[in-house]
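Take a look at the structure set out below.
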Amino acid sequence: MAFDISNSKIGIIGLGYVGLPLAVEFGKHYPTVGFDINSPRIAELRAGKDSTLEVDAAELSCASQLEFTDTIEETAKCNVYVITVPTPIDEHKRPDLRPLENASTAVGSVLRSGDVVVYESTVYPGATEEVCVPILEQVSGLAFNRDFFIGYSPERINPGDKEHRVTTIKKVTSGSTPESAAYIDNLYASVIAAGTHLASSIRVAEAAKVIENTQRDLNIALVNELALIFNKLGIDTQEVLEAAGTKWNFLPFRPGLVGGHCIGVDPYYLTHKAQEIGYNPQVILAGRRINDNMGGYVAGRVIKMLTQRRIHVVDANFLILGLAFKENCPDLRNSRVIDIVKELRGYQANIDVFDPWVSAQEASEEYGVELIDQPRAGHYDAVIIAVAHDQFRQLGAAGIRALCKPEHVLFDVKSMLTRDEVDARL
């Protein structure tokens with residue numbers, strides 16, 4: 001079958017942190033329809049606003065061929081569908097493919113002969129062909145690799161990062177046939193300034209995505225474990241890392257809370273598939289256990305420090321600075337700050353959470369956390385800097401301590417302040 005990118009009409013399915021920036025870029029060059037089931041999201045985008053802060057009004061207006069809809073039938077004029085829905089894990093830390101399955105069902109309902117479907121959502125190797133293709137075939141009544149074709153091009157969006165954008169990050173591509181793979185690669189290359197890398201198969205592209213974040217997860221788990229050891233030895237972890245970092249090939253990872261939509265989730269997709277084929281992964285899961293326990297560890301250290309200072313923990317006033325999973329970003333997905341909050345709640349403490357970046361409604365709905373509008377001066381027995389937002393940097397040590405009682409604890413998870421400015425840091 002002959003493919004021609006000049007005739008491409010793009011449908012982006014899912015307009016979150018991944019889908020919207022991609023829709024904007026395609027909308028500058030091709031007729032593009034952005035679809036999302038969230039009607040208020042569509043309304044805000046039509047009004048030129050993006051609550052994720054990934055795309056500003058000027059960028060939206062530059063995408064002259066982009067339109068938005070919450071009705072899947074309005075994407076029927078497209079011949080290329082790019083699925084960018086989230087792939088979370090469930091309460092048992094198993095892959096939750098329902099968003100992907102629902103998106104495949106929706107696309108299947110409008111799929112026509114000759115169309116191409118590209119998946120960007122993170123999955124385990126084999127999921128696109130094993131889970132998504134049968135749904136597309138069943139709903140559309142079309143035959144895979146005869147009537148329609150698929151590809152996989154993993155997203156590499158870093159929420160809140162204004163330097164590494166969708167067009168400046170090299171794109172891995174793949175397709176279900178040599179011809180469709182070449183078409184998909186050329187289509188992305190036409191909008192991605194950094195270029196593309198055509199993988200030999202969809203499974204290779206899927207595996208490449210899932211190990212990118214697994215590698216980061218393991219590296220952070222290593223330094224988190226080092227932080228646990230160095231604390232017991234009475235050594236400042238950051239000073240050790242700075243000293244070791246003087247060697248040219250030492251990797252600059254830092255300890256912390258590992259959340260977000262990728263690093264804290266993707267490894268479970270790989271380990272799920274490994275266990276399914278009879279291999280019990282050990283290193284990957286060990287890293288996950290360490291990182292998943294860091295919130296409780298932070299809370300425990302602060303509790304111990306309060307006790308050593310004879311400050312009663314029950315009814316103590318805590319201030320948590322930051323709830324987003326990373327600095328200068330409103331993204332709450334899989335934020336591990338909530339682990340600190342939950343641990344402190346078990347001590348019957350009073351907890352204020354302040355985050356000027358995050359939607360108060362979303363914090364309440366997602367985590368049952370009622371954000372405060374502003375911290376109270378001279379009120380807190382302990383402050384935990386959980387996220388290094390610029391607003392907190394501007395406060396500085398003096399500004400943050402002004403929020404505390406004379407006897408208090410200031411703990412810095414992010415090493416935002418120097419060792420001398422805080423009582424302890426991770």
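The values are calculated or read from the model by the stated rules, or taken from the named source; none is laboratory data. All of these numbers come straight from a predicted model, not from anything done at the bench. Counting neighbours? That spans all protein chains shown, and the Cβs are built from the backbone with ideal geometry, glycine included. Please note that ligands, DNA and RNA were not included when accessible areas were found on the heavy atoms of the full protein model with its side chains. Shrake-Rupley method; radii C 1.70, N 1.55, O 1.52, S 1.80 Å.
Total residues in the stretch 402-420 satisfying the condition of being open to solvent by 20 Å² or more (accessible area, probe 1.4 Å), within 17 Å of G322 (Cβ to Cβ) and not hydrophobic (A, V, I, L, M, F, W, C): the figure is 2. Total residues in the stretch 1-25 satisfying the condition of being surrounded by 15 or more Cβ atoms within 10 Å (Cβ to Cβ) and under 21 Å from F148 (Cα atoms): the figure is 9. For the residues E73, E44, E59, the requirement of being within 26 Å of V133 (Cα to Cα), assigned to a helix (DSSP H, G or I) and not β-branched (V, I, T) singles out E73. The residue that is most open to solvent (accessible area, probe 1.4 Å), counting only those in the stretch 106-135 that are charged (D, E, K, R) and within 13 Å of F149 (Cα to Cα), is R112.
Annotation for the stretch 89-106: at least one member residue is more than 30 Å from V358 (Cβ to Cβ) and out of contact with any Cys (no Cβ under 9 Å at 6 or more places or on another chain).
Pairs meeting the criteria (first residue in the stretch 1-15 and more than 16 Å from S113 (Cβ to Cβ), second residue among the acidic types (D, E), beta carbons under 6 Å, at least 6 apart or on different chains) are L15/D36. Among helices (runs of 4 or more DSSP H) entirely within the stretch 226-326, having at least 1 residues that are over 30 Å from D96 (Cβ atoms) and either open to solvent by 80 Å² or more (accessible area, probe 1.4 Å) or in contact (Cβ under 8 Å) with a residue 60 or more places away in the chain (or both) singles out 237-244, 294-308.
For the stretch 112-158, filtering for residues that are under 29 Å from the mean Cα position of the chain (by Cα) and in contact (Cβ under 8 Å) with a residue 12 or more places away in the chain leaves 28. Scanning the stretch 365-389 for residues that are open to solvent by 10 Å² or more (accessible area, probe 1.4 Å) and within 25 Å of Y297 (Cα to Cα) yields E366, Y367, G368, E370, L371, I372, P375, H379, D381.
When each of E59, E54, E73 is tested for being over 21 Å from E155 (Cβ atoms) and either of a type in the set (D, E) or under 18 Å from the mean Cα position of the chain (by Cα) (or both), the lone residue that passes is E73. Looking only at residues in the stretch 55-105 that are hydroxyl-bearing (S, T, Y), modelled with pLDDT of 95 or more and open to solvent by less than 20 Å² (accessible area, probe 1.4 Å), the one that is farthest from E137 (Cα to Cα) is T69.
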